[in-house]
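First comes the structure, then the notes that go with it.
The values are calculated or read from the model by the stated rules, or taken from the named source; none is laboratory data. Quick caveat, the model's predicted, so the values are computed rather than measured. Positions of Cβ are generated from backbone atoms using ideal geometry, with glycine treated the same way; all protein chains shown enter the neighbour counts. For accessibility, only protein heavy atoms count, side chains too; no ligands or nucleic acids. Shrake-Rupley method; radii C 1.70, N 1.55, O 1.52, S 1.80 Å.
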Amino acid sequence: MQASNSKQNKALNLRLVLSHIATLSPISRADIAKITGLTKQTITNMVDELLAAELVAEMGIKKEGTVGKPSKMLALSGKNTVNAGIRIFSDYCDLALYSLTNDKMGQFRIERGQTPEKGLERGLASLLQDCAVENNALLGVGLSFVDQFDSQYPNQLAKLDFAQLLADKLKQPVIMETTASACAACHMLHGEAKSLNSFVYVHLGLQIESAVVHGRRIMLGHNQLTGALGEIFVTPETNHRDGELGRLNEFVSLDALRKLAKQPDMDIQSLYSLAEHNPGAIDRWLEIAAEPMRIAIHMLESVLNCQTIIFGGDIAPELLDLLIAKLRPLIPSIAQFGDRDVPRIIKTPNVNDISLSGVATLPLHSALDMNTPYTARLPRLTKLTVKQSLLYLAH
């Protein structure tokens with residue numbers, strides 16, 4: 001029992017050290033020891049393992065005060081460790097490779113078909129070959145379904161079963177989450193939320209998704225599906241078709257936009273051309289979407305009192321700019337009280353890339369979480385690499 005506890009404590013310390021390197025880099029061993037309370041020797045041992053697994057790298061030297069020898073600074077490794085991200089659309093799948101430091105290395109698109117796991121196996125192999133990346137460099141694969149009402153995998157259990165099937169097929173750990181939660185994880189590790197304690201990420205896709213972060217933890221709920229912001233009621237009027245009150249999805253989602261354009265089956269990529277070919281639909285959508293979205297923002301701020309709300313999504317950056325402009329002035333809320341060091345609304349700077357880069361962040365974010373809300377689907381009958389064993393087996 002003692003040996004088992006010792007092994008688990010070591011794994012927790014390892015992830016703790018890596019977490020501080022990921023979020024506070026460049027950082028020295030001495031600074032990590034001060035923050036964590038671990039001994040310098042323990043930190044040295046942990047860092048040596050992380051260096052050997054090519055999860056971190058030394059970069060530059062910092063002089064610590066006026067006495068003592070200079071400290072080598074640590075950061076996530078930008079070489080020889082990569083993550084894969086997979087987004088499953090109704091007709092196709094997007095795959096991408098990102099370095100551990102969130103630099104895109106390559107992207108690939110395949111037709112989905114009836115057995116998407118087979119196409120994804122071939123697609124990932126091709127992508128790794130094109131990027132000259134060895135299989136053992138992969139830390140894991142992030143997975144997200146674009147449509148929460150996917151016809152082939154209509155519920156969470158079916159999606160989780162597919163995640164396990166994919167892990168076995170790819171022979172890699174697979175971590176599945178909503179796109180919004182994935183993007184929130186990316187912002188905490190690499191983006192605007194590195195220093196934030198609480199925020200909400202709102203993802204404008206076919207449905208409106210959100211991820212609520214409190215205490216730098218993503219709130220998942222009892223079924224791990226927290227964040228269906230598009231399902232909230234924002235108007236007192238009832239829908240003439242089903243008698244239901246007006247949901248946010250019916251006004252602000254990209255599905256609402258394509259219905260206004262009278263092209264309900266238009267794919268997301270084609271929506272980017274609407275501004276040029278059907279500007280009238282864009283104008284109508286902006287007019288209809290603005291007030292419901294303002295109400296939703298007011299609700300989020302009043303209930304959660306978060307530091308900020310970050311907007312992103314499967315939406316053209318120019319269209320997102322127009323929508324955010326339409327939201328102003330924001331409805332007064334408790335967000336106005338107290339000192340603010342960040343704006344009430346932030347637009348993600350990498351709108352075109354946030355979804356895939358977010359999904360590719362899931363393997364690292366999952367591995368670093370001390371409370372393990374994400375369960376990595378580990379491949380059966382396949383031996384994990386050294387770096388994967390360090391971060392996943394202790395879960």
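Brief remarks follow.
- Exclusive hit being part of a loop (DSSP other than H, G, I, E, B) and farther than 23 Å from residue 255 by Cα, set 107, 172: 172
- From the options 148, 224, residue that is under 25 Å from residue 91 (Cβ atoms) and either open to solvent by 20 Å² or more (accessible area, probe 1.4 Å) or touching a Leu at 6+ places or on another chain (Cβ under 7 Å) (or both): 148
- The range 113-157, subset of a type in the set (D, E, K, R) and part of a helix (DSSP H, G or I), residue nearest to residue 377 (Cα to Cα): 117
- Verdict on residue 202 being open to solvent by 10 Å² or more (accessible area, probe 1.4 Å), out of contact with any helix residue (DSSP H, G or I) (no Cβ under 6 Å at 6 or more places or on another chain) and assigned to a strand (DSSP E or B): no
Per-residue answers, yes or no, for (1) in contact (Cβ under 8 Å) with a residue 60 or more places away in the chain; (2) out of contact with any strand residue (DSSP E or B) (no Cβ under 7 Å at 6 or more places or on another chain):
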residue	(1), (2)
112	no, no
122	no, yes
130	no, no
134	no, yes
146	yes, no
177	yes, no
192	yes, no
198	yes, no
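- When residue 216 is tested against (1) surrounded by 17 or more Cβ atoms within 10 Å (Cβ to Cβ); (2) at positive phi; (3) among the charged types (D, E, K, R), only condition (1) is not met.
- Output for the range 171-199, where each listed residue is more than 22 Å from residue 317 (Cβ to Cβ), open to solvent by 20 Å² or more (accessible area, probe 1.4 Å) and of a type outside the set (Ser, Thr, Tyr): 171, 176, 197
- Scanning the range 119-138 for residues that are in contact with a helix residue (DSSP H, G or I) (Cβ under 7 Å, 6 or more places away or on another chain) and modelled with pLDDT under 95 turns up just one, 135.
- Matching residues, the range 277-290, being in contact (Cβ under 8 Å) with a residue 40 or more places away in the chain and not β-branched (Val, Ile, Thr): 286
- Strands (runs of 3 or more DSSP E) wholly inside the range 232-324 that include at least 1 residues being open to solvent by less than 10 Å² (accessible area, probe 1.4 Å) and either hydrophobic (A, V, I, L, M, F, W, C) or under 30 Å from residue 93 (Cβ atoms) (or both): 309-313
- Residue in the range 205-228 that is nearest to residue 21 (Cα to Cα), counting only those that are in a loop (DSSP other than H, G, I, E, B), in contact with a Ser or Thr (Cβ under 6 Å, 6 or more places away or on another chain) and of a type outside the set (A, V, I, L, M, F, W, C): 227
- Residue within the range 61-84 that is within 28 Å of residue 19 (Cα to Cα), open to solvent by less than 80 Å² (accessible area, probe 1.4 Å), hydroxyl-bearing (Ser, Thr, Tyr) and assigned to a strand (DSSP E or B) present: yes
- Test: residue 102 is open to solvent by 10 Å² or more (accessible area, probe 1.4 Å), under 20 Å from residue 174 (Cα atoms) and within 21 Å of the chain's Cα centre (by Cα): yes
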